[in-house]
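*Asks:* Encoded as C-alpha cells, here's the structure I'll be asking about.
The values are calculated or read from the model by the stated rules, or taken from the named source; none is laboratory data. Remember, it's a predicted structure, so these values are computed and weren't measured experimentally. So basically every Cβ, Gly included, is an ideal-geometry build from the backbone, and we count neighbours across all protein chains shown. SASA here: full protein model, heavy atoms, side chains in, ligands and nucleic acids out. Shrake-Rupley method; radii C 1.70, N 1.55, O 1.52, S 1.80 Å.
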Amino acid sequence: MDGNYSFRKNISAFFIEIGELTGFAGRFFQELFSRPFEFREFLRQSYNMGNRSMLLVGVTGFILGLVFTLQSRPTLMEFGAVSWMPSMISISIVREIGPVVIALILAGRIGSGIGAELGSMKVTEQIDAMEVSGTNPFKFLVVTRILATTLMVPILVILGDFIALLGSALVENLKGNVSFTLYFNQVFNTLEFSDLFPATIKTFFFGFAIGLVGCFKGYNSKKGTAGVGKASNSAVVFTSMLLFIIDFIAVFITDIFYQ
C-alpha cells in the first residue's frame, strides 16, 4: 500500500514538474520578444559557453572517431568492405552518434553549470535583489542563457563531428594507408542533404532543451546549499532524458519525410 502511494506521488510530482517546465518555456517565449533586449549578456554567455566547451568537445569528438573506427574496422575486414569505412563512419557520426554524444556531454558541462549558477544566485537572494533594483532577472538571466545554448550547441556539434571524422581519418591513414584527401572525398561524396539537414536542425532543439532545463532547475531551486547541488544534478538527469526523447521524435519525423 505504501509502495503504491509512493509511486503515485512520484508520478504526480513528475507531471506537475512537466507542467511547470511548460509554463517556464511559455514565459521564455513571452519575454523573448519584449524589450529591453539583453544583447550584450547574450553575447557574453555565448562566448563563455562556446569557448569553455571547445576543448571538451574536441577531445570527445576525436576519441569518438578513433574508437568507433578501431571497433568497426575488424568487422568490415571480415566481409571485405573496408573501403566502405569512410561512408559508414561519416553517416553514423553526422546523423546520430555525434549530435547525441556531444549533446549529452554539453548537458553535463553547460546544463549543470547553469543550474548551479542560477541556484546559487537564488540562494544568496541575488535574483530578488535584481527585481528590487528594477531589472528583469528572467530576461537577463534566463532568456540570454537559453538563446546562447540554442545557438552554441549546434556549432559545437558541427565542430565535434568534424574532429571525430578527423580522428577516423587518422586511423584509416595509419591502418589502411588511406590518404586524408581520399578519405574526405569519399565522406563528402557520401553525405547528402537528407543526412545533414535533420541532424543540424535537431541540435537546435538539443541546445534549447539544455538551456531550458538548466535555467528551470536553477531558477526554481530550493533554499540552502543542498538545493543548489540538487538543481545542478537534476538538470543533467532531466536534460539527458529529454535529449533522448527529442532524438527519437527527430528520427521518427526524418524517417517519414526521407524514407
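*Asks:* Can you name the number of the only condition in (1) open to solvent by less than 10 Å² (accessible area, probe 1.4 Å); (2) within 19 Å of G218 (Cα to Cα) that A103 fails?
*Replies:* In the conditions (1) open to solvent by less than 10 Å² (accessible area, probe 1.4 Å); (2) within 19 Å of G218 (Cα to Cα), A103 misses (2) alone.
*Asks:* As an exercise: evaluate F216 against (1) in contact with a Lys or Arg (Cβ under 6 Å, 6 or more places away or on another chain); (2) part of a helix (DSSP H, G or I) and give the number of the one condition it does not meet.
*Replies:* (1)
*Asks:* A further question on this structure: Take the residues in the stretch 63-82 that are in contact (Cβ under 8 Å) with a residue 12 or more places away in the chain and open to solvent by 70 Å² or more (accessible area, probe 1.4 Å), then tell me which one is farthest from L182 (Cα to Cα).
*Replies:* I63
*Asks:* From (1) out of contact with any Gly (no Cβ under 8 Å at 6 or more places or on another chain); (2) open to solvent by 10 Å² or more (accessible area, probe 1.4 Å); (3) in contact (Cβ under 8 Å) with a residue 12 or more places away in the chain, pick out the condition that doesn't hold for N185.
*Replies:* Every condition holds for N185 apart from (3).
Every residue, every condition in (1) open to solvent by less than 100 Å² (accessible area, probe 1.4 Å); (2) assigned to a helix (DSSP H, G or I); (3) of a type outside the set (V, I, T); (4) at pLDDT 85 or above, yes or no:
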residue	(1), (2), (3), (4)
F7	no, yes, yes, no
Q30	no, yes, yes, yes
P36	yes, no, yes, no
R52	no, yes, yes, yes
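*Asks:* Restricting the first residue to the stretch 121-138 and requiring it to be over 23 Å from A226 (Cα atoms), which pairs with a second residue that is part of a loop (DSSP other than H, G, I, E, B) and of a type in the set (A, V, I, L, M, F, W, C) meet a Cβ separation below 9 Å and a spacing of at least six or different chains?
*Replies:* none
*Asks:* Could you look through the stretch 188-229, keep only residues that are surrounded by fewer than 19 Cβ atoms within 10 Å (Cβ to Cβ) and of a type in the set (D, E, K, R), and pick out the one that is nearest to the chain's Cα centre (by Cα)?
*Replies:* Only one residue fits best here, namely D195.
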